[in-house]
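Chemist: Got a structure for you, written out below as structure tokens; questions coming shortly.
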Amino acid sequence: MIASFAVFIMLAGLGVVGFTYFSTNVVLPDQIPLPQSTTVYTSDGKGLVAKLGNENRTLITNSQMPQHVRDAVAAAEDRNFYRHSGVDYKGIARAAWNNFTDGDRQGASTITQQYARNAYESLEDDTYARKVREAIFASKLNDEFSKDEIMENYLNVIYFGRGAYGVEAAAQTFFGKPASKLTVGEGAVLAGMIKQPEKTATHNGYDPATSPEDAKARWDYVLDGMVAEGWLDAAERPTEYPEVKPPAEGGNGFGVATPRGNVINYVRAEMEQWGLCTNTGAEGKQPSCVDALRTGGYKITTTIDNKMQTAMEKAARAGTKGSVLDGQPENLMAAGVAIDPKTGRVLAYYGGESGGDLDWAGKNTVGGVLSGGHPPASSFKVYTLAAAIDAGISVNSLWDATPFTPEGYENRVYNAGRNATCGKSCTLDESTVKSYNVPFFHVAEQIGPDKVIGMARQAGITTMWTDNPVKPYNLLAEKPEDLAPRHFDRVVGYGQYPITVLDHANGLATLANDGVFHQAHFVLKVEQKDDKTGEWKVVGGTGEKLDGQQRIRKEVTDEVTAVLRQIPRASGAALSGGRPAAGKTGTWELQDTRNNSNAWMVGYDDNLATAFWVGSADPDEPAILNKNNGNIGGSDLPADLWKRFMDEALDGAPKSDLPQITGVGDDTAGNGEPPEPEEPDCGLFGLFCDDDDNDDDNGGNNNGGNNNNGNNGGNNNGNNGGGNGGGNGGDIGFPPPPNGGTERPGRG
């Protein structure tokens, strides 16, 4: 009975196979469609941000694929490849018996079958009927094409992990070289990953970065197979596992190896928020966001404005002819973010040359540690100023700008090489425009550093780092009074602690929008094709939510803007056509040197809020010097970047009617002193003053000589203090405060 049943099944199977075989029309390889890809567009639905699923693939020919690489792939996936007719019937029988007896489920797919499965969408399901069709396709392919042609097409199609499709992309992704330059050992590494390129809920995969032991075992299996098949001399078998590049930070690198690539990492984050996929590798029914974007067939429209994005790339890319960084030292890196204040839409974003590398404008996870912030220096004073005004302090209040040594510090706090001629009588307005640091230390001390952090959080700053040890703190998860002064001391008033460029731009957007906060976001809508109609339909639960929150009083933001509108012109960054705009520079010094390490220019009008940062991408060369070996400050390259971008981005936009200073608040709140009254101008020989006044003046002059000397002495002392600071490199030098934090030198 068993034998009869087996014969029946075989005859029925042969009938199905025969029918399928003769009814199948094999498509030539150059006509074979690839799996559905995802296309990501700019806000107009026309400009391309990235094409995912088939972009990180470079087709190469057999002549560019070393023989040892082809042999390694055959040893890993199909050792009978050169002997069978496209289908390994012995393997199928062995797998069928194993599956029938409840052993491990096996597919017994040859390289030709795998190629057919990757090439034909109709072979994507996991059923025995599919396996029959797959075998027929494989057999027909084997009849139509040579083994070399099949191997060539297979190696151009197969997925290797980390977003790399095809052996050329894989060679670049894992070893930073073309496939033609791969060594035997490196080729074996790539071949070994094909079976399971990425981690799943049930398997760690064979990427050496996530599963080094399994990857090494798989590598040995491949090399042993090459030796066994006679494709590799045993004496030439590699013994040392090759060094593989670590996974690119901030993304998987597929389709994102462009200056727009970092946008995709934010798209993935928002897709995870909507529950479409997961970026954490957590077990469950959700696919990984990598797979969802690679094979989901989505059409995603982002907030990115194609014109503005192009303008930002042209201005900020070091390798672009005519950019602000063109011809400057190679270690310099720029990052910029532009946001629509009224919606929170990110209109332009530049964090580097590839979404698979470090994102200099946002957050990165390096070795499991969150990183990415840069000391904002004086550009952070916009939040301190807002906090002061919110606390009832007038911008006309007077503050002492004299360098001094705070209690608990070994060194004095300086004005970073600036000579505060106003001495002990500096208004908060003047201290902001001229970027004196000492008054902002006093402001933070008076209102409390927690109030400064609270204002920054309300504006849009989500993360701030301490610097020794370097540790991120989520401002949204912890109360400001718990963070300061314990972790963030009074120097927060002038921007010691790192934040991201994206957060800074979001904070500026809130100030520009009369204190109404919108969360910065990158996705307008996500669509998929309807399987039945073929029409694009918005995926449920996705899309932007424009629910602004009034977080800062308009009275406060108006006064902040009124002060900041004076700065672009003072920094040489006045916008073309007399367009009003608010701005602030910032420069942070490199510890224990006269050089700088971070420089900023940030600003906004009613239409656009933009933040630019310039720093070093080379940890061995942290100083930022221009091509003439001069220090780069906020009013240098960052101001040039900001002005160039804003001029182009705002071309055609209406000019903003920015507010004027009102002086609202208490003008006696500062710790400064009223300036000495100016002596009246009596003209030549005192002819224009009456006798009584002359008598008083003469007496006053006798006494006032001393006063003048005293004033001069006071000014000289104050000036000398600033001069000494400049002579010492303009450092705001100070040791760790009592709470255990560590301060670093800074500049305005």
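The values are calculated or read from the model by the stated rules, or taken from the named source; none is laboratory data. Because the structure is predicted, anything quoted here is derived from the model rather than measured. Positions of Cβ are backbone-derived with ideal geometry, glycine not excepted, and every protein chain shown enters the neighbour counts. These area figures cover heavy atoms from the full protein model, side chains too; ligands, DNA and RNA do not enter into them. Shrake-Rupley method; radii C 1.70, N 1.55, O 1.52, S 1.80 Å.
Chemist: Out of region 608-646, which residues are more than 14 Å from Thr587 (Cα to Cα), in a helix (DSSP H, G or I) and open to solvent by less than 10 Å² (accessible area, probe 1.4 Å)?
Modeler: Answer for region 608-646, where residues must be more than 14 Å from Thr587 (Cα to Cα), in a helix (DSSP H, G or I) and open to solvent by less than 10 Å² (accessible area, probe 1.4 Å): Leu641, Trp642, Phe645, Met646.
Chemist: Further question: Quickly run through region 484-513 and pick out the residues that are among the aliphatic types (A, V, I, L, M), within 19 Å of Lys381 (Cβ to Cβ) and touching a strand residue (DSSP E or B) at 6+ places or on another chain (Cβ under 6 Å).
Modeler: Ile499, Val501, Ala505, Leu508, Ala509, Ala512
Chemist: Among the residues of region 415-423, are any closer than 21 Å to Ala562 by Cβ and not in a loop (DSSP other than H, G, I, E, B)?
Modeler: no
Chemist: Also: What are the residues in region 569-580 that are open to solvent by less than 40 Å² (accessible area, probe 1.4 Å) and within 16 Å of Trp600 (Cα to Cα), if any?
Modeler: Answer for region 569-580, where residues must be open to solvent by less than 40 Å² (accessible area, probe 1.4 Å) and within 16 Å of Trp600 (Cα to Cα): Ser571, Ala573, Ala574.
Chemist: Of these, Leu398, Leu428, which one is of a type in the set (A, V, I, L, M, F, W, C), open to solvent by 20 Å² or more (accessible area, probe 1.4 Å), under 30 Å from Asp514 (Cβ atoms) and in contact with a helix residue (DSSP H, G or I) (Cβ under 9 Å, 6 or more places away or on another chain)?
Modeler: Selected residue: Leu398, the only one of Leu398, Leu428 that is of a type in the set (A, V, I, L, M, F, W, C), open to solvent by 20 Å² or more (accessible area, probe 1.4 Å), under 30 Å from Asp514 (Cβ atoms) and in contact with a helix residue (DSSP H, G or I) (Cβ under 9 Å, 6 or more places away or on another chain).
Chemist: Of Thr302, Thr343, Thr365, Thr278, which residue is of a type in the set (S, T, N, Q) and open to solvent by 50 Å² or more (accessible area, probe 1.4 Å)? Break it down into steps so the answer makes sense when it comes.
Modeler: Values: Thr302 fails: open to solvent by 50 Å² or more (accessible area, probe 1.4 Å); Thr343 fails: open to solvent by 50 Å² or more (accessible area, probe 1.4 Å); Thr278 fails: open to solvent by 50 Å² or more (accessible area, probe 1.4 Å).
Within the list Thr302, Thr343, Thr365, Thr278, the selection yields Thr365.
Chemist: Consider Asn626 carefully, then state whether it is modelled with pLDDT of 95 or more and either among the β-branched types (Val, Ile, Thr) or touching a Gly at 6+ places or on another chain (Cβ under 9 Å) (or both).
Modeler: Against the criterion (modelled with pLDDT of 95 or more and either among the β-branched types (Val, Ile, Thr) or touching a Gly at 6+ places or on another chain (Cβ under 9 Å) (or both)), Asn626 does not qualify.
Chemist: Provide a single number: the residues in region 162-194 that are at pLDDT below 95, out of contact with any helix residue (DSSP H, G or I) (no Cβ under 7 Å at 6 or more places or on another chain) and open to solvent by 40 Å² or more (accessible area, probe 1.4 Å).
Modeler: Looking only at that region, the number is 2.
Chemist: Using beta carbons and a limit of 8 Å, which pairs, at least six apart or on different chains, have the first residue in region 154-168 and farther than 17 Å from Lys199 by Cα and touching a residue at least 60 places away in the same chain (Cβ under 8 Å) and the second one part of a helix (DSSP H, G or I) and among the charged types (D, E, K, R)?
Modeler: Short answer, once both residue conditions are applied: Leu155/Arg70; Asn156/Glu168.
Chemist: Let me ask another. Return a yes/no flag: does region 545-568 have any residue that is open to solvent by 20 Å² or more (accessible area, probe 1.4 Å), within 27 Å of Lys314 (Cβ to Cβ) and out of contact with any Pro (no Cβ under 7 Å at 6 or more places or on another chain). Steps first, answer last, please.
Modeler: Initial filter on region 545-568 (open to solvent by 20 Å² or more (accessible area, probe 1.4 Å)): 545-551, 553-555, 558, 565-566.
Next, only the ones that are within 27 Å of Lys314 (Cβ to Cβ) stay: 565.
Keeping just the survivors that are out of contact with any Pro (no Cβ under 7 Å at 6 or more places or on another chain) gives none.
There is no residue in region 545-568 that is open to solvent by 20 Å² or more (accessible area, probe 1.4 Å), within 27 Å of Lys314 (Cβ to Cβ) and out of contact with any Pro (no Cβ under 7 Å at 6 or more places or on another chain).
Chemist: Restricting attention to region 141-155, which residues are under 16 Å from Ala72 (Cβ atoms) and either modelled with pLDDT under 85 or surrounded by fewer than 20 Cβ atoms within 10 Å (Cβ to Cβ) (or both)?
Modeler: Lys147, Asp148
Chemist: Mind checking whether some residue in region 371-379 is of a type outside the set (Gly, Ala, Ser), in contact with a Lys or Arg (Cβ under 9 Å, 6 or more places away or on another chain) and farther than 24 Å from Ile632 by Cβ? Steps first, please.
Modeler: Our first condition is that a residue be of a type outside the set (Gly, Ala, Ser); within region 371-379, this holds for 374-376.
Subsequent filtering for residues that are in contact with a Lys or Arg (Cβ under 9 Å, 6 or more places away or on another chain) retains 375.
Restricting the remaining residues to those that are farther than 24 Å from Ile632 by Cβ gives none.
There is no residue in region 371-379 that is of a type outside the set (Gly, Ala, Ser), in contact with a Lys or Arg (Cβ under 9 Å, 6 or more places away or on another chain) and farther than 24 Å from Ile632 by Cβ.
Chemist: So Thr239 fits all but one of (1) within 27 Å of Arg294 (Cβ to Cβ); (2) among the β-branched types (Val, Ile, Thr); (3) surrounded by fewer than 24 Cβ atoms within 10 Å (Cβ to Cβ); what number is the exception?
Modeler: Among (1) within 27 Å of Arg294 (Cβ to Cβ); (2) among the β-branched types (Val, Ile, Thr); (3) surrounded by fewer than 24 Cβ atoms within 10 Å (Cβ to Cβ), the lone unmet condition for Thr239 is (1).
Chemist: Tell me which of these Leu223 doesn't satisfy, since it passes every other one: (1) open to solvent by 50 Å² or more (accessible area, probe 1.4 Å); (2) modelled with pLDDT of 90 or more.
Modeler: Here Leu223 meets the rest and fails (1).
Chemist: Return the residue satisfying two criteria in turn: it lies in region 404-414 and is in contact with a Phe, Trp or Tyr (Cβ under 8 Å, 6 or more places away or on another chain) and over 25 Å from Val560 (Cα atoms), and of such residues it is surrounded by the fewest Cβ atoms within 10 Å (Cβ to Cβ). Please lay out each step first, then the result.
Modeler: First, pick out the residues of region 404-414 that are in contact with a Phe, Trp or Tyr (Cβ under 8 Å, 6 or more places away or on another chain): 406, 409-413.
Subsequent filtering for residues that are over 25 Å from Val560 (Cα atoms) retains 406, 409-412.
Values: Pro406: 17, Tyr409: 18, Glu410: 9, Asn411: 17, Arg412: 19.
Per the criteria, the residue is Glu410.
Chemist: Follow-up question, since we're still on this one. Going through Lys525, Lys451, Lys471 one at a time, which residue ends up being out of contact with any Lys or Arg (no Cβ under 7 Å at 6 or more places or on another chain) and either buried (at least 24 other Cβ atoms within 10 Å of the Cβ) or in a helix (DSSP H, G or I) (or both)?
Modeler: Lys451
Chemist: Also, I was wondering about something else. Over 21 Å from Ala416 (Cβ atoms), surrounded by fewer than 17 Cβ atoms within 10 Å (Cβ to Cβ) and not acidic (Asp, Glu): is that true of Leu483 in this structure?
Modeler: no
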